[in-house]
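The values are calculated or read from the model by the stated rules, or taken from the named source; none is laboratory data. Note that the structure is a prediction, hence the values are computed from the model and not measured. Don't worry about glycine lacking a Cβ; one is built from the backbone with ideal geometry, like all the others, and counts go over all protein chains shown.
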Amino acid sequence: MFRKLKLLFVIVLSFSTTTIMAQKTYLALGDSYTIGESVAVSERWPVQLVKTLNEQGIAMADPKIIATTGWRTDDLQNGIKEDKALLSGYDLVSLLIGVNNQYQGKSIEQYKKEFEELINTAIKFAGNNPKKVFVVSIPDYGKTPFGAAKENQIAKELDEYNSIAKHIAISYGIPFFNITPISRQAKERPELVAKDKLHPSGKMYSEWVALFADDVAKIIKQ
């Protein structure tokens with residue numbers, strides 16, 4: 001009897017280990033939008049994305065997120081270098097960065113240079129496979145109560161930032177998911193804005209995920 005129980009334990013342990021090993025890994029790089037400022041952990045868009053992929057039958061581990069509110073492109077670069085818990089490679093990598101470069105009035109040329117460097121970093125973490133990387137556009141905070149006073153200026157500047165990010169991403173064969181139109185609905189749909197009157201709510205993040213989850217599923221299945 002004890003031998004049978006031992007054998008059963010070994011089989012269960014082996015199955016559990018295989019299941020864990022089979023989970024796909026995901027690295028999300030960004031700023032406040034990726035870390036989910038002012039929303040619950042479960043409402044962060046990378047967390048919602050993983051949940052959706054799991055529901056589609058793709059076994060995903062919890063996302064590894066390197067992102068902090070207020071980070072510019074150079075801050076993200078430093079954050080990546082300083083993180084000692086990073087794996088050498090991931091099955092999926094995302095990048096969403098730039099709003100704080102714009103907000104702090106940094107050079108657009110600096111953004112262009114550092115964004116491309118971050119793209120190359122993302123590709124490296126994706127096993128040198130750009131097909132396992134995707135970029136998400138910068139949302140327009142000018143449509144929130146916080147940015148309303150400079151709505152037109154913010155829209156114009158973020159369009160320029162997003163144009164650069166899209167051009168660089170496409171030049172590397174990386175998908176660019178444009179969630180900015182969703183963010184611009186916030187002016188008429190206050191439920192899309194978090195309680196801080198600036199960041200997206202969990203509902204807005206869920207609409208982002210609904211926009212690109214199927215495409216991301218195809219990416220990770222490649």
(request) Those residues that are part of a helix (DSSP H, G or I) and either surrounded by fewer than 20 Cβ atoms within 10 Å (Cβ to Cβ) or not hydroxyl-bearing (Ser, Thr, Tyr) (or both), I need them from segment 180-191; list them, please. (result) THR180, PRO181, ILE182, PRO190, GLU191
(message) Pairs please, first residue from segment 113-126 and touching a residue at least 24 places away in the same chain (Cβ under 8 Å), second anywhere and assigned to a helix (DSSP H, G or I) and basic (Lys, Arg), Cβ atoms under 6 Å, 6+ apart in sequence or on different chains.
(response) ALA126/LYS132
(message) Taking the criterion of being on the phi > 0 side of the Ramachandran plot, touching a residue at least 40 places away in the same chain (Cβ under 8 Å) and not in a strand (DSSP E or B), would at least one residue in segment 192-210 satisfy it?
(response) yes
(message) Just to be sure I understand the filter: pairs with C-beta atoms under 7 Å, separated by 6 or more residues or on different chains, first member in segment 178-191 and under 26 Å from PHE134 (Cβ atoms) and modelled with pLDDT of 95 or more, second member acidic (Asp, Glu) and buried (at least 17 other Cβ atoms within 10 Å of the Cβ). Which pairs pass?
(response) THR180/ASP140; ILE182/GLU207; SER183/ASP140; ARG184/ASP140
(message) Residues that are under 20 Å from TYR33 (Cα atoms) and of a type in the set (S, T, N, Q), at least 2 per element: which helices (runs of 4 or more DSSP H) completely within segment 98-173 meet that?
(response) 99-103, 151-171
(request) Kindly indicate whether any position in segment 47-60 is assigned to a loop (DSSP other than H, G, I, E, B) and charged (D, E, K, R). (result) no
(request) Report, by residue number, each residue of segment 36-46 that is under 15 Å from ILE138 (Cβ atoms) and either assigned to a helix (DSSP H, G or I) or in contact with a Phe, Trp or Tyr (Cβ under 9 Å, 6 or more places away or on another chain) (or both). (result) TRP45
(request) Could you list, in sequence order, all residues of segment 153-164 that are surrounded by fewer than 16 Cβ atoms within 10 Å (Cβ to Cβ) and either among the acidic types (Asp, Glu) or in contact with a strand residue (DSSP E or B) (Cβ under 8 Å, 6 or more places away or on another chain) (or both)? (result) ASP159, GLU160
(message) Please go through segment 73-97 and give me each residue that is outside any helix (DSSP H, G or I) and either free of Cβ contacts under 8 Å to residues at least 12 places away in the same chain or among the hydroxyl-bearing types (Ser, Thr, Tyr) (or both), ordered by number.
(response) LYS84, SER88, TYR90, SER94
(request) Within segment 78-115, track down each residue that is surrounded by fewer than 18 Cβ atoms within 10 Å (Cβ to Cβ) and either within 28 Å of LYS221 (Cβ to Cβ) or of a type in the set (S, T, N, Q) (or both). (result) ASN78, ILE80, ASP83, ALA85, LEU86, LEU87, SER88, GLY89, GLN104, SER107, GLN110
(message) Considering only residues that are in contact with a helix residue (DSSP H, G or I) (Cβ under 8 Å, 6 or more places away or on another chain), touching a residue at least 40 places away in the same chain (Cβ under 8 Å) and of a type outside the set (D, E, K, R), which ones fall in segment 127-148?
(response) PRO130, VAL133, PHE134, VAL135, VAL136, SER137, ILE138, PRO139, TYR141, GLY147
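Could you list all residues from segment 131-152 that are surrounded by fewer than 18 Cβ atoms within 10 Å (Cβ to Cβ) and not hydrophobic (A, V, I, L, M, F, W, C)? Give the derivation first.
Of the residues in segment 131-152, the ones surrounded by fewer than 18 Cβ atoms within 10 Å (Cβ to Cβ) are 131, 145-146, 148-152.
Within segment 131-152, LYS131, PRO145, LYS150, GLU151, ASN152 qualify.
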(request) Quickly run through segment 29-59 and pick out the residues that are within 19 Å of LEU95 (Cα to Cα), in contact (Cβ under 8 Å) with a residue 60 or more places away in the chain and among the hydrophobic types (A, V, I, L, M, F, W, C). (result) LEU29, TRP45, LEU49, LEU53
